[in-house]
Amino acid sequence: MSLDWLYGFDELNAYRLDTKTGKERLEAQVKNLPGLLNLAGIVLPKKPRILCLMAGSCIEGIAFAKVYDADVTCVDLQERLLSKGLREAKKRKLKLRVIRGDVREPSELVGGKFDLVTVLGQPLPHIAIFDFDQTISGVKKLLAKNGTFLIDQSDLIFRILPQYKDAMTHNLEPPVFSIHRNLNARHGYFERLYYSRTRHDSYKTYLWAPWIIEYMLKKNGFTKVEVKPYVDPYNMAQTYLHIATNS
Ligand SMILES: C[S@@+](CC[C@H](N)C(=O)[O-])C[C@H]1O[C@@H](n2cnc3c(N)ncnc32)[C@H](O)[C@@H]1O
């Protein structure tokens with residue numbers, strides 16, 4: 001399964017810093033970050049250490065480094081996306097480094113303690129519940145005292161129900177379509193077959209909802225967990241902020 005192909009489609013331009021939409025989204029993040037942290041009740045120390053997991057092309061990482069003078073580490077599976085973020089951060093002379101790796105083992109990728117660990121941009125559909133359970137337990141060890149774990153994820157279960165079997169278009173030039181292939185109730189995902197004239201691939205989407213994330217955070221020992229509805233001012237998607245504090 002190559003995420004590279006998927007993240008080249010027009011519909012995911014907002015996650016790529018080298019597109020017009022990606023650049024606009026970065027500027028929106030810079031503008032909206034203080035409001036988001038305010039809503040989440042997060043007060044960062046001076047020059048905070050921030051770890052951005054599933055960071056793509058580092059859009060939130062660059063925003064944190066710029067707005068809060070933060071020392072940022074971005075982790076993602078896709079080298080190509082990370083290098084776009086690193087290039088932009090260097091141009092802006094920001095403190096940002098990137099690590100290519102799988103978030104299932106966060107404490108094997110980075111060391112030290114962080115004031116804030118983020119999973120932003122609604123990335124959880126890429127990961128299975130059992131794998132993310134491991135991520136949460138690793139993040140717990142990486143958080144400084146009173147540090148925060150912030151997850152932004154929309155509800156996928158109710159949102160997807162009416163349309164999960166529809167055929168969809170993801171790219172126009174060249175056309176890329178997808179159709180429903182399989183619903184796996186045992187492991188909590190559905191699978192779609194994406195195809196263009198020259199290529200096809202199958203992608204899983206794991207089903208997530210706020211109550212599942214809240215339960216998992218509490219189960220992993222976070223005693224203070226809040227879930228707040230949030231409207232992403234950039235793409236107007238109804239999402240939820242999950243805020244877990246390490247006391
Ligand atoms: C929806 S994008 C969000 C990117 C970024 N947070 C943003 O908002 O621009 C999800 C990202 O998660 C990454 N990803 C998926 N599974 C991963 C894993 N197991 N470990 C690390 N990154 C992963 C993908 O490569 C992709 O860049």
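The values are calculated or read from the model by the stated rules, or taken from the named source; none is laboratory data. Computed from a predicted model, the values in this text were never measured in an experiment. Positions of Cβ are backbone-derived with ideal geometry, glycine not excepted, and every protein chain shown enters the neighbour counts. The protein model used for the area step is the full one, side chains on, heavy atoms only, and it has no ligands, DNA or RNA in it. Shrake-Rupley method; radii C 1.70, N 1.55, O 1.52, S 1.80 Å.
Numerical summary
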| item | result |
| --- | --- |
| Angle between the chain longest axis and helix 79-91 axis [Cα atoms, degrees, rounded to 10] | 40 degrees |
| Debye log10 I(q)/I(0) at q = 0.13, 0.17 Å⁻¹ for the chain, Cα point scatterers | -0.81, -1.42 |
| Label-point gap, in nm, between K91 and I129 - each point 7 angstrom along Cα→Cβ | 4.2 nm |
| With every protein chain in place, the chain: carbon and sulfur % of accessible area (1.4 Å) | 53 percent |
| Residues of segment 159-202: accessible area per residue with a 1.4 Å probe, Å² | 71 Å² |
| Accessible area in square angstrom per residue, segment 23-128, 1.4 angstrom probe | 44 Å² |
| Centroid-to-centroid separation of segment 144-213 and segment 17-72 [C-alpha atoms, Å] | 24 Å |
| Dipole magnitude (debye, nearest 20) for segment 152-230, charges at Cβ of Lys, Arg, Asp, Glu | 240 debye |
| Radius, Kirkwood style, for segment 1-73 when every pair of distinct Cα atoms is counted (Å) | 13.2 Å |
| Pairwise label distance in nanometres, R104 with K145, each label 7 Å out on the Cα-Cβ vector | 3.5 nm |
| Rg over Rh, two decimals, segment 159-202 (C-alpha only, Kirkwood Rh) | 1.03 |
| Segment 53-122: translational diffusion in µm²/s, Stokes-Einstein, Kirkwood Rh over Cα pairs, 20 °C, 1.002 mPa s | 179 µm²/s |
| Ranked order, H180, H200, H187 - accessible area, probe 1.4 Å, largest first | H200, H187, H180 |
| Computed [θ] at 222 nm, helices only, for the chain once each DSSP H run of length n ≥ 4 contributes -39500 (n - 2.57) | -9500 deg cm²/dmol |
| Segment T205-H180, extension gain: residue separation times 0.36 nm, minus the distance between their alpha carbons | 7.9 nm |
| Relative contact order %, the chain, counting alpha carbon pairs below 8 Å whose residues are six or more apart | 16 percent |
| Antiparallel DSSP beta bridges within the chain, as percent of all bridges there, nearest 5 | 60 percent |
